Amino acid sequence: MRTKNTIPMTSLVVLAAMPAVALGSVWQLAERSDAPAGEPVPTTPDPPPPVDELATNLISPRRHPAPIADRIAAAEQQALTEALADDLSGLLGDGMCVTIRRSDDLILDIGGEQALIPASNMKVLVAAVALDVLGPEYRFRTELRSAPPNGSVVTGDVYVTGGGDPVLVSADHVDPARYPAINTTPLDTLIDQLVTIGITRIDGDIVGDATRYDDEFRVPSWGDDITNADAGPYDALLINDGLLDNGDFGLVPAQSAANIVIDEIEARGIDVTGSSRHAAPPDGLELTTLALVESQPLTEVLVELLHTSDNTTAEMIIKEIGFQQSGQGTRPAGAAAIAARLADWGISTAPLVLDDGSGLSRQNRLTCDALSLVVAAAPVAEQLWDLLPVAGRDGTLAEQLVGTAAEGEMQAKTGTLTGVKALTGVLDGADDEPVQFAMILNGEGVNEPDVYQAYWLELVELIGAYPIVVEPRVDRFDPR
């Protein structure tokens with residue numbers, strides 16, 4: 001049998017060390033041979049005494065302090081912002097919400113997804129969607145239409161065709177509203193054109209045509225406390241808000257308008273052999289336009305809507321939105337179009353109830369989240385800001401927030417019903433960049449100035465201090 005040769009482990013260690021020992025001997029001989037005769041051979045100096053270990057581990061975050069300094073500064077900044085909001089948060093109770101944003105960035109949200117009664121803040125949605133659907137240069141048109149005249153004579157009826165202009169007024173109209181209509185359309189321009197083209201006689205009736213919209217002259221859900229002085233009756237043809245000479249409101253707007261037009265025509269010396277009435281033009285009747293008048297651009301009509309909080313204007317515009325989107329000049333069609341456009345903008349419509357355009361209905365429900373997003377992130381947001389009243393300056397905000405940081409700066413829409421107060425708009429923060437907000441208060445007495453003003457002042461103070469800036473301090477987190 002073949003046997004294996006074995007060597008003890010200790011012998012292997014000795015054998016392995018022998019080359020190193022030999023090399024060391026050679027090196028020492030070389031050192032000795034280089035040293036001058038009679039001088040001592042140099043030796044290796046002792047190493048320095050050990051120092052304390054670094055307190056910071058090699059892989060500690062302190063080796064890279066900037067990111068941790070940034071995070072700590074952000075946390076401190078958030079804590080200070082939340083502390084600033086504590087006073088406002090402490091005021092808000094059930095049935096109240098506030099949302100503050102800067103574009104897509106959410107600054108503060110307290111109850112922002114609650115669906116509450118918004119009052120006239122409904123008009124913010126109507127105005128925004130009207131800008132998007134109709135366009136800022138859109139104009140409402142009112143026409144006088146008939147068979148082609150024979151020289152100076154019109155044979156047959158003249159139709160006053162309404163195009164939804166909510167601010168068409170005669171020269172002698174005196175608006176009794178607390179906030180009278182502005183940026184109105186002069187009816188005289190329409191009538192004067194008949195004189196200009198040489199019409200001297202109309203052998204027929206003056207017929208009010210309001211068929212562009214349906215015949216819902218008043219929102220069914222409005223309570224008995226909503227009177228004609230608040231809104232309606234309204235239709236696609238409306239003159240002087242439907243107000244008659246005796247101070248009453250006509251029950252059928254197109255008839256009231258026809259009455260006014262026939263009086264204006266005859267006052268210009270034009271003979272009308274027929275009377276005034278309202279009806280749709282017969283099918284197949286060939287009509288030509290004798291005269292027309294257009295409103296100011298939509299932006300100016302929306303200034304009227306938002307500054308005077310004109311309820312009738314809002315209800316007519318919501319119908320016009322419906323007409324433009326679906327061919328149906330109805331309130332439900334307009335509400336559906338508004339909801340669809342909000343969804344296109346990425347705004348949740350699930351909790352919303354859009355019952356009318358003016359906000360007079362207590363069936364309406366909006367969230368602070370939706371309202372703030374409209375003024376912050378909608379494609380028309382910045383156009384909308386310029387149409388809003390300015391605190392302490394004009395419209396429904398003319399007497400509000402005077403002597404505060406918001407005076408002359410805040411642009412916002414108010415909303416008021418019994419037990420409801422709302423405010424949506426924009427105000428610059430501490431860095432002079434715009435901050436958008438929405439606040440809705442539902443509760444007993446919140447529409448009283450001594451109640452809601454406390455909320456508004458806290459809101460103004462919070463926005464005025466935003467953003468609180470905490471600079472990162474890298475030195476606090478350097479390695480030690």
Original post:
How high is the relative contact order of the chain, given as a whole-number percent (alpha carbon pairs under 8 Å, six or more residues apart)?
Top reply: 22
Subject >> Residue-span extension gain [residue 399 to residue 288] - 0.36 nm each, minus C-alpha spacing >> reply: 35.1 nm
**OP:** Taking H placed 1.01 Å from N in the peptide plane, check which residues at least 5 places from residue 355 or on another chain put their amide H under 5 Å from its amide H.
**Re:** 364, 365
Subject >> Sites residue 91 and residue 188 - FRET efficiency at Förster radius 51 Å, r taken between beta-carbons, to 0.05 >> reply: 0.50
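Can you figure out the FRET efficiency of residue 251 with residue 82, using R₀ = 35 Å and their beta-carbon distance, to the nearest 0.05? Numbers along the way, then the final one.
Numbers: r = 56 Å, r/R0 = 1.59.
The pair residue 251/residue 82 has a calculated efficiency of 0.05.
Over the chain, what is the percentage of antiparallel beta bridges among all DSSP beta bridges, to the nearest 5? If you can, show how the numbers build up before the last one.
Numbers: 41 of 55 bridges.
Approximately 75 percent, going by the DSSP bridge assignments.
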**OP:** Give the label of the value calculated from the structure for Cα Rg over 2.2 N^0.38 Å, choosing from (1) 1.73; (2) 1.03; (3) 0.97.
**Re:** (1)
**OP:** Pop out the ³J(HN,Hα) list for the range 195-210 in order, Karplus 6.51 cos²θ - 1.76 cosθ + 1.60 with θ = phi - 60°, rounded to Hz; leave Gly and Pro as x.
**Re:** 5, 4, 8, x, 6, 10, 8, 10, 8, x, 9, 9, 10, x, 10, 10
**OP:** Give the residue from 185, 321, 75 lying farthest towards the positive end of the charge dipole for the chain; charges sit on Cβ (+1 for Lys and Arg, -1 for Asp and Glu) and the dipole is referred to the Cα centre.
**Re:** 75
**OP:** Provide the per-residue ³J(HN,Hα) series for the range 371-385, in order, calculated from phi with Karplus coefficients 6.51, -1.76, 1.60 and θ = phi - 60°, each as a whole number of Hz, with x at glycine and proline positions.
**Re:** 4, 5, 5, 4, 7, 9, 10, 5, x, 9, 4, 5, 5, 5, 3
Subject >> Share of Cα-Cα pairs in the range 273-369 lying beyond 24 Å, as whole percent >> reply: 38
**OP:** Between residue 104 and residue 470, with labels modelled 7 Å along Cα→Cβ, what's the label distance in nm to one decimal, could you check?
**Re:** 2.6
Original post:
Quick one: putting +1 on the C-beta of Lys and Arg, -1 on the C-beta of Asp and Glu, what dipole do you get for the range 141-296 around its Cα centre, in Debye to the nearest 20?
Top reply: 320
**OP:** Out of all DSSP beta bridges with both ends in the range 141-296, state the antiparallel percent to the nearest 5.
**Re:** 45
Original post:
Percentage of Cα-Cα pair distances in the range 74-223 greater than 22 Å, rounded to whole percent?
Top reply: 66
Subject >> Centroid-to-centroid separation of the range 381-399 and the range 183-237 [C-alpha atoms, Å] >> reply: 29
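Divide by every residue of the chain the summed helix terms, -39500 (n - 2.57) for each DSSP H run of at least 4, and state the resulting mean residue ellipticity at 222 nm, rounded to the nearest 500 deg cm²/dmol. Intermediate results must be reported in sequence, preceding the final value.
Details: 11 runs with 163 residues, N = 480.
Computed mean residue ellipticity for the chain: -11000 deg cm²/dmol.
How far, in nm, would the chain grow between residue 386 and residue 407 when pulled straight, counting 0.36 nm per residue and subtracting the alpha carbon separation? Mind showing how you got there, number by number?
Details: separation 21, 0.36 × 21 = 7.56 nm, distance 1.55 nm.
Residue separation times 0.36 nm, minus the Cα-Cα distance, leaves 6.0 nm.
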**OP:** Give the long-range amide H neighbours of residue 410: residues separated by 5 or more places, or on another chain, with amide H under 5 Å away, using H modelled in the peptide plane at 1.01 Å from N.
**Re:** 391
**OP:** Quote to one decimal, in nm, the extra length available between residue 196 and residue 172 on full extension: 0.36 nm per residue of separation minus the C-alpha distance between them.
**Re:** 6.5 nm
**OP:** Treating only the Cβ atoms of Lys and Arg (+1) and Asp and Glu (-1) as charged, compute the dipole magnitude of the chain about its Cα centre; round to the nearest 20 debye.
**Re:** 2500
**OP:** Fewest Cβ neighbours within 10 Å first, please rank 368, 97 accordingly.
**Re:** 97, 368
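If R0 is 60 Å, what FRET efficiency do you get for residue 433 and residue 150 from their C-beta distance, rounded to 0.05?
On the way: r = 65 Å, r/R0 = 1.08.
FRET efficiency, residue 433 to residue 150: 0.40.
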Subject >> Interchain or long-range residues, amide H under 5 Å from residue 107's placed H >> reply: 100, 101, 102
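Please state, rounded to one decimal and in Å, the Kirkwood hydrodynamic radius that the range 349-392 gives when every pair of distinct Cα atoms enters the mean of 1/r.
Details: mean 1/r = 0.0832 Å⁻¹.
Averaging 1/r across every pair of different Cα atoms and inverting gives 12.0 Å.
Quick check: from the Cα gyration tensor, does the range 141-296 come out rounded (a/c under 1.5), prolate or oblate?
On the way: a/c = 2.12, a/b = 1.63, b/c = 1.30.
It comes out prolate by the Cα gyration axes.
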**OP:** Quick one: what are the phi-derived ³J(HN,Hα) couplings along the range 399-414, Karplus 6.51/-1.76/1.60 with θ = phi - 60°, whole Hz, x for glycine and proline?
**Re:** 10, 9, 6, 5, x, 10, 5, 7, 4, x, 10, 6, 10, 7, 10, 8
Original post:
Along the charge dipole of the range 141-296, which of 234, 206, 153 sits closest to the positive end, that is, farthest toward it, with unit charges on the beta carbon of Lys, Arg, Asp and Glu (+1, +1, -1, -1)?
Top reply: 153
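Where a number appears in this text, it was derived from the coordinates with a stated rule and is not lab data. What you see is a predicted model; the values in this text were computed from it and never measured. Note that each Cβ is placed from the backbone with ideal geometry, even for glycine, and that neighbours are counted across all protein chains shown.
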